[in-house]
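Contents: one structure, followed by commentary.
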Amino acid sequence: MADDLFIEMEASQFTKTGQAACGDDVRFETIERENRHLVALSDGLGSGVKAHVLATMTTSMAIRFLASNIPTLEAAEIIMDSLPVCEVRKIGYATFSLFDFRLGGRARITEMGNPGYIHLRGVEEVKPLVDETVVSEHWPDREVRECEADFQCGDRVIMCSDGVTQSGLGVRKDMKFGWRRSGVMKFAQTEIAQNPEVSAHDLAAAIAREALLITPGGCKDDITCCVVYLRHPRIMRILTGPPFYREHDAEYARQALLGPDHVVVCGGTSANILERELGVKVKLNLADMRSSGGLPPVGRMEGIGIATEGILTLGRVLGALEEKRPTEHEPAAVRAIIDRMMRHDRIEFVIGTKVNESHQDPNIPQDLELRRSVIRRMATALERNYRKQVKIDFY
């Protein structure tokens with residue numbers, strides 16, 4: 001069923017060496033009421049700030065046109081008419097790839113100037129059901145390719161800028177015409193064969209990184225790879241705070257029986273409830289104290305998952321998510337929670353509503369918010385910044 005599926009959309013980029021801004025741009029949008037998912041990838045003419053402006057204008061307009069169901073050729077003409085003209089080449093130009101998918105229906109892929117998309121089912125390439133090329137009367141040198149494809153659970157679509165397919169061009173004797181689309185597809189097939197469940201995030205990063213490594217001496221052109229992956233959602237559950245009524249403790253504890261890679265228990269009281277109801281113990285490695293970053297170390301509950309301190313840790317996680325901070329300098333507990341969040345699609349919070357009296361102490365810093373407020377803000381950050389699905393249950 002469509003409700004049981006999740007579409008992961010991720011991209012990875014490298015900016016041309018010596019440039020302050022990337023000349024490629026990627027934009028994602030989900031229209032919840034239509035269960036519809038949109039991607040726009042654009043490569044601006046040239047590189048640097050001007051290319052960045054062209055690309056971001058293109059993706060911004062393209063997403064709006066896709067959402068409004070404006071015919072593709074009409075949309076392409078409006079985009080081309082709107083782009084500023086390059087002073088050197090006397091043209092306003094940005095290529096684009098567009099992906100439009102409604103769960104339970106077909107995927108529509110539209111391209112102008114970008115390398116042809118790759119559709120993989122497992123490691124096998126899937127050809128489009130419809131593949132048409134149209135030419136604009138306003139811009140007779142611009143061809144727009146419109147495709148429709150049957151997009152099934154487990155399928156991946158790979159789109160990239162020519163900085164990927166042309167990597168190695170002119171500097172690698174074994175790549176007379178660059179890496180090319182065929183090289184990208186072969187690399188992706190190998191990655192998937194080695195790890196059939198590789199995420200869109202990891203596959204996009206691997207392709208972009210390989211494109212960078214193919215060309216020695218730095219990034220010769222902006223590199224962007226975008227991967228769309230349709231699959232069953234990966235669910236993570238965070239339990240924090242004791243239930244309001246003690247008789248709900250057993251039901252609360254059962255929420256942790258999701259698998260050890262998918263559960264985080266935040267707070268000593270929550271961990272105590274699981275110890276009592278499920279007969280498991282929190283095990284700490286005292287050696288982890290050195291890397292705990294001022295927070296209590298991460299504990300492990302066999303068969304359940306990891307256990308951390310409660311509100312202080314969640315507050316640090318919230319700050320990192322809202323500011324989209326890298327995690328390498330965060331305390332170990334914060335890194336562990338965020339790393340798990342990034343590997344999952346649906347984050348479920350199970351929140352006990354019994355008030356911890358210690359958090360009412362006026363001597364505690366004012367930025368120590370109550371658990372429910374922190375979780376609600378965290379849910380907003382996960383949905384807005386990381387396109388995660390979030391569910392909150394109260395006990």
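Estimated at the nearest 10 Å², the accessible area of Thr95 is 10 Å² with a 1.4 Å probe.
At 1.4 Å probe size, with the rest of the protein present, what percent of the exposed accessible area of the chain is carbon and sulfur atoms? Reported share for carbon and sulfur atoms: 49 percent. When both bridge partners sit in region 192-347, DSSP labels roughly 35% of those beta bridges antiparallel. In this label model, Lys127 and Glu148 are separated by 1.8 nm, measuring between points 7 Å along each Cα→Cβ vector.
Where both bridge residues fall in the chain, DSSP classifies roughly 75% of the beta bridges as antiparallel.
Distance between the modelled labels on Ser373 and Asn195, one decimal in nanometres: 3.9 nm (7 Å Cα→Cβ projection).
For region 177-279, a Kirkwood radius taken over Cα pairs fed into Stokes-Einstein (4 °C, viscosity 1.567 mPa s) yields D = 74 µm²/s.
Could you state, as a whole-number percent, how many of the C-alpha pairs of region 223-302 are farther apart than 19 Å? Please report the intermediate quantities before stating the final value.
Working: 1536 of 3160 pairs.
The proportion of pairs with Cα distances above 19 Å equals 49 percent.
Taking all protein chains into account, the per residue accessible area for the chain stands at 49 Å² (1.4 Å probe).
Filter the cross-link list Lys324/Lys354; Lys220/Lys388; Lys173/Lys220; Lys176/Lys220; Lys16/Lys176 down to pairs whose alpha-carbon distance in this structure exceeds 26 Å. Can you show the working numbers first?
Details: Lys324/Lys354 30 Å; Lys220/Lys388 33 Å; Lys173/Lys220 16 Å; Lys176/Lys220 16 Å; Lys16/Lys176 21 Å.
The answer is Lys324/Lys354; Lys220/Lys388.
With viscosity 1.306 mPa s and temperature 10 °C, the Kirkwood radius over alpha carbon pairs of the chain converts through Stokes-Einstein to a diffusion coefficient of 68 µm²/s. Each Cα pair under 8 Å and six or more residues apart adds its sequence gap; the mean of these over the residue count of region 213-267 is a relative contact order of 39 percent.
Estimate the FRET efficiency between Ser68 and Thr353 by the formula 1/(1 + (r/R0)^6), using the beta-carbon distance for r and 51 Å for R0, to the nearest 0.05. Show your work: numbers first, answer last.
Working: r = 42 Å, r/R0 = 0.83.
It comes out at approximately 0.75.
With charges set only on the Cβ (+1 for Lys and Arg, -1 for Asp and Glu), what does the dipole of the chain come to about its Cα centre, in debye to the nearest 20? Spell out each step's value before the answer.
Numbers: 50 positive and 57 negative charges, 162 e Å.
About 780 debye.
Based on DSSP H segments of at least four residues, each scored -39500 (n - 2.57), the chain has a per-residue ellipticity at 222 nm of -9500 deg cm²/dmol.
Ranking request for peptides 109-119, 384-394, 328-338: highest mean number of other beta-carbon atoms within 10 Å first, then the rest in descending order.
Details: 109-119: 22.0, 384-394: 14.7, 328-338: 19.8.
Averaged packing, sorted descending, gives the order 109-119, 328-338, 384-394.
Of interest is the spacing of the C-alpha centroids, which for region 34-84 and region 131-155 amounts to 15 Å. Counting only Cα atoms, region 115-204 measures 46, 39, 19 Å along its principal axes, largest extent leading. Between Thr17 and Lys281, what is the spin-label point distance in nm, taking each point 7 Å from the Cα along the Cα→C-beta axis? For the pair Thr17/Lys281, the computed spacing is 5.6 nm.
Which order do the peptides 264-270, 295-301, 181-187 take when ranked by the mean count of other beta-carbon atoms within 10 Å per residue, highest first?
Numbers: 264-270: 23.0, 295-301: 19.4, 181-187: 16.9.
So the peptides 264-270, 295-301, 181-187, ranked by packing, come out 264-270, 295-301, 181-187.
Could you work out the equivalent-ellipsoid semi-axes for region 1-76, taking the square root of 5 times each eigenvalue of the Cα gyration tensor, largest first, in whole Å? List each step's numbers first, then the result.
Details: eigenvalues 150, 55, 10 Å².
Value: 27, 17, 7 Å, ordered largest first.
Projecting the Cα atoms of Val390, Pro331, Ile351 onto the charge dipole of the chain, computed from C-beta unit charges around the Cα centre, puts Pro331 farthest toward the positive end. The three principal axes of the Cα atoms in region 58-185 give end-to-end lengths of 45, 42, 22 Å, sorted in falling order.
The values are calculated or read from the model by the stated rules, or taken from the named source; none is laboratory data. All values reported here derive from a predicted model rather than from experimental measurement. Cβ: placed from backbone, ideal geometry, glycine included. Neighbour counts: every protein chain shown. The area values use the complete protein model at the heavy-atom level, side chains included, leaving out ligands, DNA and RNA. Shrake-Rupley method; radii C 1.70, N 1.55, O 1.52, S 1.80 Å.
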